[in-house]
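For reference, the structure discussed in these notes is given below.
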Amino acid sequence: MRLLHDPMKTRASFDDPDLVSCAGLVPVMAVAERCGLADLSGEHVRIGAKCGVNADLKVGCLVAGMAAGADSIDDMGVLRHGAVEELFGGVRAPSTLGSFLRSFTWGNVRQLEKVNRMLLARLAGAAPLLPGGDVLAFIDMDSMQKRVYGHAKQGAGFGHTKIQGKSLLVRGLNALAAVVSTPLAAPVIAATRLRGGTAHSARGAASLAAEAIGTARQAGCTGQIVFRIDSAYYSAAVLGSIRAAGACFSVTVRMDARIRTAIASIGEDAWIPVTYPRAIWDADQNRLISDAEVAEVPYTAFTSKKGKAITARLIVRRVRDLNRKAAGGQDELFTIWRYHAVFTDSPFEMIQAEAQHRDHAIVEQVFADCNDGPLAHLPSGRFPANAAWLTLTAICHNLTRAAGCLASAFHAKARGATIRGHLISVAARIARHGRGHIILHLPEGWHRETDWMSLFEAATGPPAPAA
C-alpha cells in the first residue's frame, strides 16, 4: 500500500463536531443500560465523600472509557471528543472521575464488587455468555502481582511473581481473581480482590471462592461446578469453603512427605499411559512433553486439623525424567520419574479429571487480556481507588465479552483487544433525522460490518422474549 497524494500537500484538521472514533460504544453501553449497570451502581454504591455523588453516571463513564481502550484516568478523555456528547449524557471529565475514584473507601469497593456480581448474572441472561453452564462449568482462581513504580502507592510491597518462567520478587500490588467458563464459552470474571503487595496467595481466597461460586450459580451455572486452583490454595479453609458452597475442587498439591508416601503406594500395574494431542511445555526440563502415565489413589488431607480432614482422590501424573548425560554415553540404570499430583473430588473419571485440571491456565489468559487493556496500570496512589479500578476492569471485561457473544461466534471467544478493534473503535459520523432520530454513518466496506450490525440490532432492538 502507498500514499496516492503528496504528503507535503496533505493537511489534517481536528474540526468535525459530528464524528466519533468509537461508535461501538453505542451498542456496548446499550447492553450495559439494558442490564441495569447505572441502576445497580446508583442503588448499591453509596459514597459519603463530596466527590462520590452520581455514582450511576461516573461508574458508567469509567466502564465506557475502559471499553474504548483507556488504561489510565487521563485516558478517560477519550469520551470527550466530537459528537460523543450527542450520543451519551452525563459524560464527566477525567479529573472528576479521578476524584470519584479517590473518594472510595474499602466498604465502597465491596459495594462495587456486588454490582459486578449482580451485573454478570444479568448479562448472562441477556447474552449467551455461559452456554452449557447448566451441565458443567469451571471456576479458576489465581493471583497476579501487578507491578507498580511510584513511591506513593498505598499497599505496595515486594511479592513473588513469574517472568518468563522464573520466580522473582516484584514490588507491586496483589490482585486475586476468580473466572467462570464452560467447555463452550470463554471466561468471565466472577470476583476480584486487591491485596497488599506482600500478601500471600491464599489471603482472602476462601471467602472469594464462596463468592465466585454463588455468582456462577446466579449467572446460570446450575450444573456441576469444578473449582480449579494451584498449590498456593491447598488448605483446609479454601477446600472446605468450596465444598460448603456445593462445588467440587481440583487442586495441585505440594510434594511433601505424606504425598510422596501416597505416591509410593501406587502399584506399578496401576499406571495408565496417556498421549497428549497437544504437547505440554515442561519449564523444568525446557522441552515439550506429549507422553506420560497417570494413576490415582485415595488420600485424606489435613488429618492434623481436628474436624477438617478431607478424603478424596489423588490423581498423579508422572513423566520420564530426561537423561541429560545420555549423549555422553552414560545411559540410565533405572527410570527416573517426575511427579505432578492433583487432589480432587471431581466425579469425572481419572484421565478426564486430570486433563480438565491442566486447563486451569485459562485464568492466565484472562490476566493477560486485562493487562493488555484497562489493567495496564493501577492509576492511583490510593489503595481503595486501585481496588475499585480492578473491579471496574472486571465489569468492563464481562460487558465486552457479552457484546462479543451478541456479535458473532468468533467474537464470543475473541480477546478483548480484538473486540475493541473490530467492534468498538470504529469511526462514525452522526446525522440527525426527524424528531430525535440519529443515524450513525460508519465506514463503507468495514470488514466486520455484519458482526457490528448483529451487535447493534441485538443491543438496541426490542428485548428478547423471556425464556
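The values are calculated or read from the model by the stated rules, or taken from the named source; none is laboratory data. Since the model is a prediction, treat every value here as computed from it, not as a measurement. Please note: Cβ atoms are built from the backbone with ideal geometry, for glycine as well, and neighbour counts cover all protein chains shown. Heavy atoms of the whole protein, side chains included, go into the accessibility calculation; ligands, DNA and RNA do not. Shrake-Rupley method; radii C 1.70, N 1.55, O 1.52, S 1.80 Å.
For segment 356-369, in order, what is each residue's ³J(HN,Hα) by Karplus, 6.51 cos²θ - 1.76 cosθ + 1.60 with θ = phi - 60°, in whole Hz (x at glycine and Pro)?
In residue order, the calculated couplings are 4, 5, 5, 7, 4, 5, 4, 5, 5, 5, 5, 4, 5, 5 Hz.
Given contacts defined as C-alpha pairs under 8 Å and at least six residues apart, what's the relative contact order of segment 344-438, whole-number percent?
Reported as a whole number, the value is 17 percent.
Please report the Cα spread of segment 159-215 along all three principal axes, rounded to whole Å, starting with the longest.
Here the Cα extents, ordered largest to smallest, are 35, 25, 13 Å.
When only the heavy atoms of the protein chains count and the probe is 1.4 Å, how do R420, R260, R338 rank by accessible area, highest first?
R260, R338, R420
Just to check I understand the Karplus step: with θ = phi - 60° and J = 6.51 cos²θ - 1.76 cosθ + 1.60, what whole-Hz values come out for segment 2-16, glycine and proline as x?
9, 5, 9, 10, 5, x, 5, 10, 9, 10, 9, 8, 8, 9, 9
Tell me the relative contact order for the chain as a rounded percent, counting alpha carbon contacts under 8 Å between residues six or more apart.
20
Given the options L406, W106, Q365, identify the residue whose Cα lies farthest towards the positive end of the charge dipole of the chain (+1 on Cβ of Lys, Arg; -1 on Cβ of Asp, Glu).
W106
Relative contact order for segment 194-265 using alpha-carbon pairs under 8 Å, separation at least 6, rounded to a whole percent?
34
Compute the long axis of helix 55-67 from its Cα atoms, compare it with the longest principal axis of the Cα atoms of the chain, and write down the angle in degrees, 0 to 90, nearest 10.
With both axes taken from Cα atoms, the answer is about 70 degrees.
In segment 1-151, what percent of the accessible surface is made up of carbon and sulfur (1.4 Å probe, ligands and nucleic acids excluded)?
Solvent-exposed carbon and sulfur of segment 1-151 make up 52 percent of the total.
Given only helices, namely DSSP H runs of n ≥ 4 each adding -39500 (n - 2.57), what is the per-residue ellipticity at 222 nm of the chain, to the nearest 500 deg cm²/dmol?
So the helix-based figure for the chain works out to -10500 deg cm²/dmol.
Ratio of alpha-carbon Rg to the 2.2 N^0.38 Å globular estimate for segment 198-321, to two decimals, please.
1.22
Which percent of the accessible heavy-atom area of segment 164-263 goes to carbon and sulfur, probe 1.4 angstrom?
Carbon-and-sulfur percentage of accessible area, whole number: 55.
Within 10 Å, count the other beta carbons around each residue, average over each peptide in 203-215, 35-47, 61-73, and list them highest first.
The densest-packed peptide leads the list: 61-73, 203-215, 35-47.
Just to check I understand the Karplus step: with θ = phi - 60° and J = 6.51 cos²θ - 1.76 cosθ + 1.60, what whole-Hz values come out for segment 337-345, glycine and proline as x?
Each residue of segment 337-345 in turn: 10, 10, 10, 9, 10, 10, 9, 8, 10 Hz.
Which value, in Å to one decimal place, does the Kirkwood hydrodynamic radius take for the chain when every pair of different Cα atoms is included?
24.4
Which order do K305, K153, K413, K9 take by accessible area at a 1.4 Å probe, largest first?
Ranked from most to least accessible, the order is K9, K413, K305, K153.
In Å², what does the accessible area per residue of the chain work out to with a 1.4 Å probe?
49
How many percent of DSSP beta bridges within the chain run antiparallel, rounded to 5?
85
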